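Colleague: Here it is, the structure, as structure tokens.
Taken together, the values in this text are just the output of simple stated rules run on the coordinates, not laboratory data. Only a predicted model underlies this, so the values are computations on that prediction, with no experimental measurement involved. Glycine also receives a Cβ, built like all others from the backbone with ideal geometry; neighbour counts cover every protein chain displayed.
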């Protein structure tokens, strides 16, 4: 396998990228020359060094000057501690934050569950979620919003979460809600505009 084929294979493993697009990425890099590639290499090398994963919500965030293991959202004492939004990916959290429609806490699952998935614990942070909710229940957690996509994987993830969380929500009398249908069926949070997200949050059920 040539280096072009190997790079195309790596790019092809990115979400939403097919073989043709992946090959275009490789030839694009070749056309840009050495300085561009050197800068890209530098950024990739610094990615692990300069980025942390939040110990509370599990999102990735830039370290900056703080030595904290919590992201800016989780450090914010003005956030509503009684509402937790569960999202599949970091990009979903970013889109909700950009909408300005939500002021509670978050938890990032790390992915969604495909239909007929046999090992859900390998796909999402189920155990970590249970621990987080148990801890938040002592801080007056009243509602959990399942902010999954409205495609089959998102619906399957929401169904799994309902079953997983059922004992805890009954124990602590916590409400579980879904985003309202401001989001059309099959929509992904990543591509939703701010008004759509606000409506979805306002009309959650």
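Colleague: Among 168, 93, 109, which one moves the most in a GNM of the chain with springs linking Cα atoms closer than 10 Å?
Modeller: Maximum among the listed residues: 168.
Colleague: Here's another thing I want to ask about it. Expressed as a whole number of Å, what is the distance separating the alpha-carbon centroids of the stretch 6-46 and the stretch 49-99?
Modeller: Here the answer is 28 Å between Cα centres.
Colleague: Expressed in whole Å with the largest first, what are the equivalent ellipsoid semi-axes of the stretch 67-202 derived from the C-alpha gyration tensor as the square root of 5 times each eigenvalue?
Modeller: Computed over the stretch 67-202, the values are 20, 20, 15 Å.
Colleague: Then there's this: May I ask what percent, to the nearest 5, of DSSP beta bridges between residues of the chain are antiparallel?
Modeller: Just about 20 percent of them are antiparallel.
Colleague: Right, something else. Please rank 189, 43, 165, fewest neighbouring Cβ atoms within 10 Å first, as an exposure proxy.
Modeller: 43, 165, 189
Colleague: Regarding the stretch 115-171, what are the three Cα extents along the principal axes, ordered largest first, in Å?
Modeller: Between the extreme Cα coordinates on each principal axis of the stretch 115-171 lie 34, 22, 15 Å.
Colleague: Rank the residues 83, 91 as a footprinting-exposure proxy: fewest other Cβ atoms within 10 Å of their Cβ go first.
Modeller: 91, 83
Colleague: Further, regarding this structure: How many nm is it between the label spots at residue 46 and residue 63, if each spot is 7 Å from the Cα in line with the beta carbon?
Modeller: 1.2
Colleague: With labels modelled as points extended 7 Å from the Cα through the Cβ direction, what inter-label distance (nm, one decimal) is found for residue 163 paired with residue 143?
Modeller: 2.7
Colleague: So what are the radius of gyration and Dmax for the Cα set of the stretch 1-149, in Å?
Modeller: Cα radius of gyration and Dmax of the stretch 1-149 are 19.0, 57 Å respectively.
Colleague: Helix 3-12: angle to the longest alpha-carbon principal axis of the chain, degrees 0 to 90, nearest 10?
Modeller: 20
Colleague: How much length, in nm to one decimal, is gained on full extension between residue 177 and residue 121, taken as 0.36 nm per residue of separation minus their Cα-Cα distance?
Modeller: 17.9 nm
Colleague: Okay, moving on. Along its three principal axes, how long is the stretch 38-97 when you only count alpha carbons? Whole Å, largest extent first please.
Modeller: 46, 25, 15
Colleague: Hey, can you rank 53-62, 114-123 by average C-beta count inside 10 Å, highest first?
Modeller: My ranking of the peptides, most packed first, is 53-62, 114-123.
Colleague: In nm², what is the average projected area of the convex hull enclosing the Cα atoms of the stretch 3-53?
Modeller: Seen from a random direction, the Cα hull of the stretch 3-53 projects 4.2 nm² on average.
Colleague: Using the 10 angstrom Cβ neighbour count as an exposure proxy, how do 31, 137 rank, fewest first?
Modeller: Final ranking by Cβ density, sparse to dense: 31, 137.
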